[in-house]
Amino acid sequence: MLSIKNLHASIEGNEILRGIDLEVKAGEVHAIMGPNGSGKSTLASVLAGREEYEVTEGEVVFKGENLLELAPEERAREGVFLAFQYPVEIPGVSSTNFLRTAVNQVREHRGLEPLDAVKFLTMMKEKMKLVEIDQKLLSRALNEGFSGGEKKRNEIFQMAMLEPTLSILDETDSGLDIDALKIVSNGVNQLKSKDNATIVVTHYQRLLDYIVPDFVHVLYKGKIVKSGTKELALELEEKGYDWIKEEIGQAAV
Amino acid sequence: MSKDNEILEEFTTKEYEHGWSVNYEADEAPIGLNEDIIKWISAKKEEPQWLLNWRLKAFDTFKKMTEPEWANVHYPKIDLQKLRYYSAPKQGKKPKTLDEVDPELLQIYERLGINLNEQKRLQGIAVDAVLDSVSVATTFKETLSKLGIVFCSFSEAVKEHPELVKKYLGSVVPITDNYYAALNSAVFSDGSFCYIPKGVRCPMELSTYFRINAANTGQFERTLIVAEDESYVSYLEGCTAPQRDENQLHAAVVEIYAATNAEVKYSTVQNWFPGDKNGKGGIYNFVTKRGLCAGDHSKISWTQVETGSAVTWKYPSCVLKGDYSVGEFYSVAVTNNYQQADTGTKMIHIGKNTKSRIVSKGISAGKSQNSYRGQVQVMKRAHNSRNFSQCDSLLMGDRCGAHTFPYIDINNPTAKVEHEATTSKIGEDQIFYCNQRGIDTEDAVALIVNGYAKEVLNQLPMEFAVEAQKLLALTLEGSVG
């Protein structure tokens, strides 16, 4: 589904990603871990098409298409979803209105009829249960005055509504207490299917107790330096990132 | 040039939708401004002597005045001697009913989306259609007259209700008020007149649709609304003009009189031709609008959505004379390309326990300049008066400007005046967030801007609000910063 080859990206002349290779197949969950500043969030942003980042080398193929040639909204309509680390506030625009615009633009792209108000609300009610989100929250302005947990829950709710093929969760666990973490993870797990894939970007192993990955990759200085199964995450939790840094240091010598 | 600016450029090439014009045989005054022209207009309209005298007095006053220069707008001086002050479609005999109006004129309005056929119109809105210097048709006159409501063109009001016109004309905006108001008083050609008798709640929205068609012609219309005790009316105003290379002058006067317990809601969606993307052409919109809350517990509410005009100079105001009277001003002013807007309001608190509320939302894009200018004045006698002002500015791109000029003048220690102001920029983050959910950039801007202006748009009557939302999106299409 997603094939990243030798991806290099920089921002304002500083190279952040220095040759990423990654294969993600349908039905898989990949975790990207790594210390601060290793390029985790940059990778998520580049895949979603944030314009500040310049891709200097490499290729990204998504469902057989060159992803890097598509505008951010086209990537979204093709099925790429990014759950933001810091969801933005849009004053005066209700979540409901926002999502209805989004869902119908995505549907139009997929050759489907736009949903009328009744069908849309029915769909919303159904998906709301997944992340245990309160309807009151959705009639308020998008993310305005939401708590950290409410914002993250709203991200997963949007994911449920847009039914993406590839979901990228960027530090979705940050700022969540344990109850909220369970709810959010539960939502993500229920949305999992053999046809879609998930990339979980996280700093801590904690989230991976709830969203169990098939593969774990360690990102360090813009490169994937180690890949393994979920046991790798446990090892990282136990030993920290230093041993990886040392390993790399030795390899370089 | 950054990516944002490229998008901005692309956006600003958007064409003005109502830029067409039609050729009709016109009845025109000679070009120029002098006493003879004023007499010519007055004679053309078969006016009584008192009105001609009033015009001439206004002209005398006008000659002693100079063009105001305090506003934050810059434009080449207008040579008033090169303008035409009257241009009207030749209609032969003045039509008595809608059926007698030249179908070609009705078609102009149909093309603008204003159907003047009463049967085909949505119930609930009566229209007075003003084309260049005259009113060509007024709908639902008979329905309204059964309730004692007078809704007609100004010229008709002069003929049929001279006592009302004589009593209220210039009572809210005196001829000495300002340069453009004096000019308007001397040469005004037509406009709308509305009278709501005591205790009557007007069952439908009344509206005037102004259309400039002729070239080199100024439009000087007057609107006079009188609401007697315990009455209510909601009034709408819309305007468009053809796309022309030269600038055209529109200097209107609107007067509202509200008696005890009366309420008047006045809404404007102004979409005059704003000039092209290089700043060529466009309407100069120099308008004086004022409401007098004459009676106790009266209320006047202005709502405006300003998207057009090359230069806007406009301050719909409320004089709160009656005790417990209320004035409101809700405004969204959008400027793009080279547009300049200097707009705001004046709230003059004279009576006790008077209240005013100002919500102004400026949106600037392109190379435009957008200024809010507002005055809150509390007179000595205005015990316990209150004002709340909120002035927000939204910037798109880095070549536009937003300015706020609040004036506060308090002469009573019991007054409470609050002023809040914010300036923000449409964030790339907000747009990217929308994009990431599959919403393209233009729709994202429309969504964000409508959210920003929601508090004001909510004040508009339903049908108008939808139109205003579309207009905002259209005006700002592609202007992302």
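Structure above, values below:
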item: Single condition residue B:268 does not satisfy, out of (1) under 17 Å from residue B:312 (Cα atoms); (2) in contact (Cβ under 8 Å) with a residue 60 or more places away in the chain; result: (2)
item: Residue ranges of strands (runs of 3 or more DSSP E) in the stretch A:48-102 with at least 2 members facing chain B (nearest Cβ under 7 Å) and buried (at least 23 other Cβ atoms within 10 Å of the Cβ); result: A:90-94
item: Selection from the stretch A:9-29 of residues that are within 19 Å of the chain's Cα centre (by Cα) and not charged (D, E, K, R); result: A:9, A:16, A:17, A:20, A:22, A:24, A:26, A:27, A:29
item: Given (1) modelled with pLDDT of 85 or more; (2) open to solvent by 20 Å² or more (accessible area, probe 1.4 Å); (3) in contact with a helix residue (DSSP H, G or I) (Cβ under 9 Å, 6 or more places away or on another chain), index of the condition residue B:58 fails; result: (2)
item: Filter pass, residue B:175 being open to solvent by 10 Å² or more (accessible area, probe 1.4 Å), β-branched (Val, Ile, Thr) and at pLDDT 85 or above; result: yes
item: Test: residue A:111 is open to solvent by 10 Å² or more (accessible area, probe 1.4 Å), within 11 Å of chain B (Cβ to nearest Cβ) and more than 24 Å from residue A:6 (Cβ to Cβ); result: no
item: Residue in the stretch A:139-146 that is assigned to a helix (DSSP H, G or I), within 12 Å of chain B (Cβ to nearest Cβ) and in contact with a strand residue (DSSP E or B) (Cβ under 8 Å, 6 or more places away or on another chain) present; result: no
item: Single match in A:147, A:139 (criterion: open to solvent by 80 Å² or more (accessible area, probe 1.4 Å), hydroxyl-bearing (Ser, Thr, Tyr) and within 30 Å of residue B:454 (Cβ to Cβ)); result: A:139
item: Condition check for residue B:304: open to solvent by 10 Å² or more (accessible area, probe 1.4 Å) and either among the β-branched types (Val, Ile, Thr) or in contact (Cβ under 8 Å) with a residue 24 or more places away in the chain (or both); result: no
item: Residues satisfying the stated conditions in the stretch A:41-59, i.e. over 16 Å from the mean Cα position of the chain (by Cα) and on the phi < 0 side of the Ramachandran plot; result: A:51, A:52, A:53, A:54, A:55, A:56, A:57, A:59
item: Residue match in the stretch A:204-220 (condition: touching a residue at least 24 places away in the same chain (Cβ under 8 Å), out of contact with any Asp or Glu (no Cβ under 6 Å at 6 or more places or on another chain), among the polar types (S, T, N, Q) and crowded, with 17+ Cβ neighbours inside 10 Å); result: no
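The values are calculated or read from the model by the stated rules, or taken from the named source; none is laboratory data. Being a predicted model, the structure only gives us computed values, none of them experimental. Virtual Cβ from ideal backbone geometry, glycine too; neighbours counted across all protein chains shown. The area values use the complete protein model at the heavy-atom level, side chains included, leaving out ligands, DNA and RNA. Shrake-Rupley method; radii C 1.70, N 1.55, O 1.52, S 1.80 Å.
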